[in-house]
Every structure is written in structure tokens, then in C-alpha cells.
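One structure is given below, encoded as C-alpha cells.
The values are calculated or read from the model by the stated rules, or taken from the named source; none is laboratory data. Source: prediction; values computed, not measured. Every residue, glycine among them, receives a Cβ derived from its backbone with ideal geometry; neighbour counts consider all protein chains shown. The protein model used for the area step is the full one, side chains on, heavy atoms only, and it has no ligands, DNA or RNA in it. Shrake-Rupley method; radii C 1.70, N 1.55, O 1.52, S 1.80 Å.
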Amino acid sequence: MGPMIIYNVPARTGQDIPPSVIQTLATSPNFVGIKECVGYDRVRQYAEEGKTVWCGMDRECHDARWDLGATGAMSVASNLIPGLMQELVTGKKSPSLNKKLMPFDRMALPRASPDWTEHCSGSTWGGPAGFQAPLCAASSIEEARICGIGEGHWKGAFRGKKRSSCT
């Protein structure tokens, strides 16, 4: 078996991996760390135990990194605005950048699947109009808002394009 990074993303899988299971898995010499999406308490717990932990929640990654001991983030937003997300978790503590990126997170988080990110990055596949059911495109209002948040930093479909909704 190769290196093992555990992804605990209950919102996507419907199953939480409790700390007791992580404790058992961490005894393996192949255990590298965990992407934790349950919240601050888990991130803090694993960091205090000396485990490598990446915050998996975009809205929490800044504080998890700078205040709770996370190594960094494994982020949905980093697929679209990698430079800004890298700055958020590797540069220096920046509450102002974190605040700027919060609307982006609120738009993406309510989605049950990565359709919104795929739409924005231009990497959609399958199904009519390039989407796999039940995926859907970002609305024109969402598109306009995200154009402003990531202006000059986009990777993918928005990069270098002027959209009618992006003034």
C-alpha cells in the first residue's frame, strides 16, 4: 500500500470518519495525514496530536491554518483561484483577504456536488450542455459575483474572458 491521506468530507459522502478511526489509521507507517471537513475542533485536535491536517472547508482554511495549526488547505476554491488560496494559507495571516473570499465560499458551499466549480473552470463533462445530472451551471448572478471576487486570478473558463455579466 502507498501513502495514505484520509479525506473526511461527510457533506459529500454522508459518513463522518470519527477520531477513533483516524487514531487507528494513523498507526500505519503509510499514514500521511487527513483532509478534515468537520470543523475547527477536529482540525485543532489533530494538529495538537501532531498529525498533519489540511482544512477541507474553504470558509475555515484561513483560521485553521493561522490559528489552529493546520498544515494548509485542500480547497475547492483553489481549483479556480489557486494564487489567492495559496496566498491565504501560505503567505501571512490576512483577515482582509479571507473576508474578500467569503462570498465565493458562500456561493459554492450550498452545492451538493462540484458542478459550480466545474462550470467556472470550464472542466464540465457528460450530459446535456456538458453537465452530468443533477449538476447545473452557475447562475448569471453568481457568475457576476465571482468575476469580481477573483478578478485577475482566474484559472480555467473565466481567465482572460470578458463575460456580459462581468463588467
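I'd like to check something: does segment 50-63 contain any residue that is among the hydrophobic types (A, V, I, L, M, F, W, C) and free of Cβ contacts under 8 Å to residues at least 12 places away in the same chain? The answer is no; no qualifying residue exists.
Answer yes or no as to whether Met74 is touching a Cys at 6+ places or on another chain (Cβ under 9 Å), closer than 22 Å to Val32 by Cβ and open to solvent by 30 Å² or more (accessible area, probe 1.4 Å). Spelling it out, Met74 is indeed touching a Cys at 6+ places or on another chain (Cβ under 9 Å), closer than 22 Å to Val32 by Cβ and open to solvent by 30 Å² or more (accessible area, probe 1.4 Å). Per the listing Asp16, Asp41, Asp63, the residue uniquely part of a loop (DSSP other than H, G, I, E, B), of a type in the set (D, E, K, R) and open to solvent by 40 Å² or more (accessible area, probe 1.4 Å) is Asp16.
Any residue at all in segment 33-45 that's at pLDDT below 95, within 20 Å of Pro3 (Cα to Cα) and touching a Cys at 6+ places or on another chain (Cβ under 7 Å)? There is no residue in segment 33-45 that is at pLDDT below 95, within 20 Å of Pro3 (Cα to Cα) and touching a Cys at 6+ places or on another chain (Cβ under 7 Å). In this entry, Trp54 passes the filter for residues that are crowded, with 19+ Cβ neighbours inside 10 Å and on the phi < 0 side of the Ramachandran plot. Every condition in (1) within 13 Å of Ile6 (Cβ to Cβ); (2) in contact (Cβ under 8 Å) with a residue 60 or more places away in the chain; (3) not aliphatic (A, V, I, L, M) is met by Asn79 except one, and the failing one is (1). Identify the residue in segment 91-106 that is within 15 Å of the chain's Cα centre (by Cα) and surrounded by fewer than 17 Cβ atoms within 10 Å (Cβ to Cβ) and, among all such residues, is modelled with the highest pLDDT. The residue in question is Met102. If the condition is being assigned to a helix (DSSP H, G or I) and either within 17 Å of Leu68 (Cα to Cα) or open to solvent by 30 Å² or more (accessible area, probe 1.4 Å) (or both), then segment 20-38 contributes Ser20, Val21, Gln23, Thr24, Leu25. Test Lys51 against the stated conditions and say whether it is more than 27 Å from Met1 (Cβ to Cβ) and part of a loop (DSSP other than H, G, I, E, B). It is false that Lys51 is more than 27 Å from Met1 (Cβ to Cβ) and part of a loop (DSSP other than H, G, I, E, B).
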